[in-house]
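Asks: Handing you a structure now.
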Amino acid sequence: MKTVLRLVLTLVSSLMLALSCLLMPALALAQPAAPAAPAVGAGPDYRLGPGDAIGVQVYQSPDLTVEARVSESGVISYPLIGSTQLGGLTLPQAERRIADALSQGGFLRSPQVSITLRQVRGNQVAVLGQVNRPGRFPLETFTTRVSDMLAAAGGVTASGDDVLILTGQREGKSFRKVIDIPGLFLNQNQTDDVLLAGGDTLYVHKAPVFYIYGEAQKPGPYRIERGMTVMQALAQGGGPTARGSQNRLRLHRRDINGKVIETVPQLSDQVRAEDVIYVRESLF
C-alpha cells in the first residue's frame, strides 16, 4: 500500500512539473511590455529642439498616443490640434501646451498629457567662424558653459576676434549675447560664461585689422589689439625705414558716411578697424 501511495505522489509531482513548464511561456507573453526608456541625459530642464523624438500619451485616450519628431522649425503634428510649436519648451511646458490646445478646442474636458523624450537629436551646439575645430558638438552635460564649448572647439585662431556671438532660443524666444572671450578665462566677467542649450550657435568673427604702407619696414594688414595706439601700430609694422619718418604719418579713415578722410594722427591716438596708416618719407 505504501508503495502504491509513493507511486501516486511521484506521478502527481511529475504532472505538476510538466504543467508548470507548459504555462511559463504563456505567462511570460501575458506580461505587459515595458515602456520605452526616456533618453539618457535628459534632465527636467531640458528644452526640446529640432530632431528630438518624443512620445505623447493622453490618459484614457489611446487614440491620441503619438510618436513624433520635432521639426527644424520646432513643431510637431498632433491629432485634432494640428501643428503645435514645442521647440524651446521643457517637457512639462510642452505637456501643458498640448493639454491646453485639446481643452480649448473642446476635444477633451481635462486632458492629462504625458510626454517622454525618446531620443535627443537637437542636443548639440554649433561652434563656427575663427576657431581651430569648427563644427557641431554634443552637450554632454546640462552644466556645459561657453568656455567649455570654446575649449572643445580648440580655441580661437590667431585671426579670430576677442568677442564671440552666442545665439539660440530661451523660453521660446530668440536669444543673442555678445561675449568677451578673454574675460571668460581671466575671471573678469563670469556672468558671460552662460549655460548652453541645445541648438545654440557660437560664432567668432575675424578680428578687425588696420593697414600700414609707405616707408614702413613690414607694410601690410595687421590685427588690431585691444587699445592699440598709432605708435604701437607703427611698431607692428617694424617701424619706419631709413627713408621714412614717424613724424610724417597720414591716417586715412572712413567717416559715418563712408567717405575717406585724411588726417595727421598723434602717436597716442587709438587705431580703429580698417584704418590705413601711410608712412611718408623724411624731409632730410
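Computed from the coordinates by the stated procedures, all read-outs in this text should not be read as laboratory data. Note that the structure is a prediction, hence the values are computed from the model and not measured. Here Cβ is always computed from backbone atoms with ideal geometry, including for glycine, and neighbour counts include all displayed protein chains.
Asks: How big is the gap, in Å, between the Cα center of region 49-122 and the Cα center of region 255-269?
Replies: Taking the Cα centre of region 255-269 as reference, the centre of region 49-122 is 59 Å away.
Asks: Using the Karplus equation 6.51 cos²θ - 1.76 cosθ + 1.60 (θ = phi - 60°), what ³J(HN,Hα) coupling, rounded to whole Hz, does each residue of region 211-224 give in order, writing x for Gly and Pro?
Replies: 10, 10, 8, x, 7, 10, 4, 10, x, x, x, 9, 5, 8
Asks: How would region 209-281 be classified by its alpha-carbon gyration tensor: rounded, prolate or oblate, with rounded meaning a/c under 1.5 and the a/b versus b/c comparison settling the rest?
Replies: Taking the square roots of the gyration eigenvalues as a ≥ b ≥ c, region 209-281 is prolate.
Asks: Once the other residues with Cβ under 15 Å from the Cβ of Leu283 are scored (Lys, Arg +1; Asp, Glu -1), what is the net sum?
Replies: Residues close to Leu283 contribute a combined charge of +2.
Asks: Could you go through region 272-284 in sequence order and give the Karplus-derived ³J(HN,Hα) for each residue, using 6.51 cos²θ - 1.76 cosθ + 1.60 with θ = phi - 60°, rounded to whole Hz, and x for Gly and Pro?
Replies: Taking θ as phi minus 60°, the curve returns 10, 4, 6, 5, 10, 9, 10, 9, 8, 5, 5, 6, 10 Hz for region 272-284.
Asks: Using Cβ contacts closer than 10 Å as the measure, can you line up Leu202, Leu166 from fewest to most?
Replies: In order of increasing Cβ crowding within 10 Å: Leu166, Leu202.
Asks: Select from region 170-252 those GluC sites (Glu not before Pro) which occupy a DSSP coil region and have at most 15 other Cβ atoms within 10 Å, ordered by residue number.
Replies: Answer in residue order: Glu171, Glu225.
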